[in-house]
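Heads up: the structure comes next, in structure tokens.
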Amino acid sequence: MRIKEISLRQDPDLRKELALLARGCDFVLPSRFKKRLKAFQQVQVQTKKEEPLPPSLSQTIPTFYFPRGCPKEKVNIDAVIAKIERTFSQFPNERARLEDMGKVAKACECPLYWKGPLFYCAGGERTGCVSVHKFVAMWRKILQTCHDDAAKFVHLLMNPGCNYLVQEDFIPFLQDVVNSHPGLSFLKEASEFHSRYITTVIQRIFYTVNRSWSGRITCNELRKSSFLQNVALLEEEADINQLTEYFSYEHFYVIYCKFWELDTDHDLYIDPKDLARHNDHAISNRMIERIFSGAVTRGRKAQKEGKLSYADFVWFLISEEDKKTPTSIEYWFRCMDLDGDGALSMYELEYFYEEQCQKLDNMAIEPLPFEDCLCQMLDLVKPQCDEKITLHDLKKCKLANVFFDTFFNIEKYLDHEQKDQFSMLRDGENESQEISDWEKYAAEEYDILVAEEAATDQWND
């Protein structure tokens, strides 16, 4: 190659000029170097032309990420649209009102209680009705861009420009459920309870579905949850209380009554003293301080200073009564992780256990020394590292409820102490075959509340 003819050691002037060129300086190249430089540039161009281009990766790797669902090969959109147009022809001026949207939902091959979201997404809330042309344009676009139920449902409820759902997005949908489901017909006259019931259901949705704690439900989170299956069951199940995962009115009644007992001034906010009275002061004060510190409320609207809202109480009560679910384990882990390092140290465990010991002393019960208690808990959880307990360790443990109750719930701790370890392990193994701890609690408390209300009515009579 011609470039080998240039020797920087033999030609100090060239070395100097090239150094200036590297610094970005302007200079006049002597004529005796121009021919050599031109030859060098030509060799570089030829070398670049001769290098083979790498194959395009996009031609060899098939598409594997479908955020809006995997496209189906055989979807006859025109046939679906024709069915919708025939349905609209039954209505005056081919315009559908909200009460007509059940038939439209069926024409769209959607569950019945998608009728509200379909109506609102097509602009029905503004005009009181939806024209066939506007609805068809909206639904055709959804069919072309959304390829599964999760993507369609998110598109119907979300705000323009978003690809996720926030809590407010569920309000119109749930209001339609309240207004039209036969199992909630008794609520029509008690409109003041509509918002309380809707708030409860929304919190239960986010508690179960929003596994990222972000306050935003994505298509993927909705796809992995059982929520849409429960929405479909609304049509088949006339008794709303059978849908215990999200929509049960009895569960709402239990949660709201428990909150009402603590909220003495009925402003829908409670302070640490109010929460301390829950279950006869069973929860330790140190844990209550952690709850009010914001450790488990940062994903939602900022709370009032030193106050807990009704929405946050829903999370607290469900987590308190069922400490085996992924969300409840994360809830209490966040509270116990004082330094936020993602692991529970021996210091943090001792910090919470100290108050338990004080309570036991006040009850004239000799507490187990912390070292012995720690050995028991390490045997129970079996962490990967003996010096700390991680969230992963607790999620693998079938008795996470026993672990948490040991450190901040004195009543349940004593209940566990009365049971032998073999019976607790047996309960943990059979938990998948039985109803959840939360469902057991809600059913028992509802029966108690109904009995108390009946006794009060009888006394008044």
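For LYS273 and GLU350, what does the FRET efficiency come to when R0 = 22 Å and r is the distance between their Cβ atoms, rounded to the nearest 0.05?
0.30
On average, how much area does the Cα convex hull of the stretch 253-441 cover when viewed from any direction, in nm²? Write down the numbers at each step before the final one.
Numbers: hull surface 44.2 nm².
Result: 11.1 nm².
Over the stretch 310-455, what is the mean sequence separation of C-alpha contacts under 8 Å (at least six apart), divided by residue count, expressed as relative contact order in percent?
Across the stretch 310-455, relative contact order equals 26 percent.
Arrange the residues LYS273, LYS323 by how much accessible surface each exposes, largest first, with a 1.4 angstrom probe.
From most exposed to least exposed: LYS273, LYS323.
Give the share of C-alpha pairs in each 10 angstrom bin for the stretch 162-247, from 0 to the last occupied bin, in whole percents, shortest bins first.
17, 51, 27, 5
Given the pairs LYS106/LYS134; LYS115/LYS324; LYS395/LYS419; LYS188/LYS224, which span a C-alpha to C-alpha distance of over 28 angstrom in this model?
Exceeds cut-off: LYS115/LYS324; LYS188/LYS224.
Could you report the stretch 74-145's accessible area per residue, 1.4 Å probe, as an integer in Å²?
For the stretch 74-145, the per-residue accessible area is 52 Å².
Kindly rank 78-91, 282-295 from highest to lowest mean number of other beta carbons found within 10 Å of each residue.
282-295, 78-91
For the stretch 162-247, which whole percent of the accessible surface, found with a 1.4 angstrom probe, sits on carbon and sulfur atoms?
Looking at the stretch 162-247 in its full context, I get 50 percent from C and S.
At 1.4 Å probe size, put TRP114, TRP459 in order of accessible surface, largest to smallest.
I get TRP459, TRP114, largest accessible area first.
In what sequence, highest mean first, do 340-346, 203-209 appear when ranked by Cβ atoms within 10 angstrom?
Those peptides, ordered most packed to least, come out 203-209, 340-346.
Using the beta-carbon distance between GLU94 and SER212 and R0 = 45 Å, what value does 1/(1 + (r/R0)^6) give for FRET efficiency, to the nearest 0.05?
0.60
Can you check what the net charge comes to around LEU112, using other residues whose Cβ is under 13 Å from the Cβ of LEU112 (Lys, Arg +1; Asp, Glu -1)?
Details: positive: LYS103, LYS106, LYS115; negative: GLU99, ASP100, GLU109, ASP176, GLU235, GLU236, GLU237.
Taking every Cβ under 13 Å from that of LEU112, the sum is -4.
Would you tally the net charge around HIS251, using a Cβ to Cβ cut-off of less than 10 Å, leaving HIS251 out, and scoring K and R as +1, D and E as -1?
-3
Stretch GLU192-ASP386 to full length: gain in nm at 0.36 nm per residue minus the Cα-Cα span?
Gain on extension, GLU192 to ASP386, equals 64.6 nm.
Simple spin-label model, 7 Å along Cα-to-Cβ: GLN242 to ASN460 in nm?
According to this spin-label approximation, the distance is 3.2 nm.
Arrange the residues SER436, SER319 by how much accessible surface each exposes, largest first, with a 1.4 angstrom probe.
Heavy-atom accessible area, descending, gives SER436, SER319.
By how many nm would the segment from THR145 to VAL450 lengthen if fully extended, with 0.36 nm per residue of separation less the alpha-carbon distance?
104.9 nm
Please give the peptides 186-194, 152-160, 100-108 ranked by average Cβ packing (other Cβ atoms within 10 Å per residue), highest first, as a rough proxy for protection. Numbers along the way, then the final one.
On the way: 186-194: 11.6, 152-160: 19.2, 100-108: 20.8.
Highest mean packing first, the order is 100-108, 152-160, 186-194.
The values are calculated or read from the model by the stated rules, or taken from the named source; none is laboratory data. All figures in this text were calculated on a predicted structure; none of them were measured in a lab. Please note: Cβ atoms are built from the backbone with ideal geometry, for glycine as well, and neighbour counts cover all protein chains shown. Accessible surface areas use protein heavy atoms only, side chains included; no ligands, DNA or RNA. Shrake-Rupley method; radii C 1.70, N 1.55, O 1.52, S 1.80 Å.
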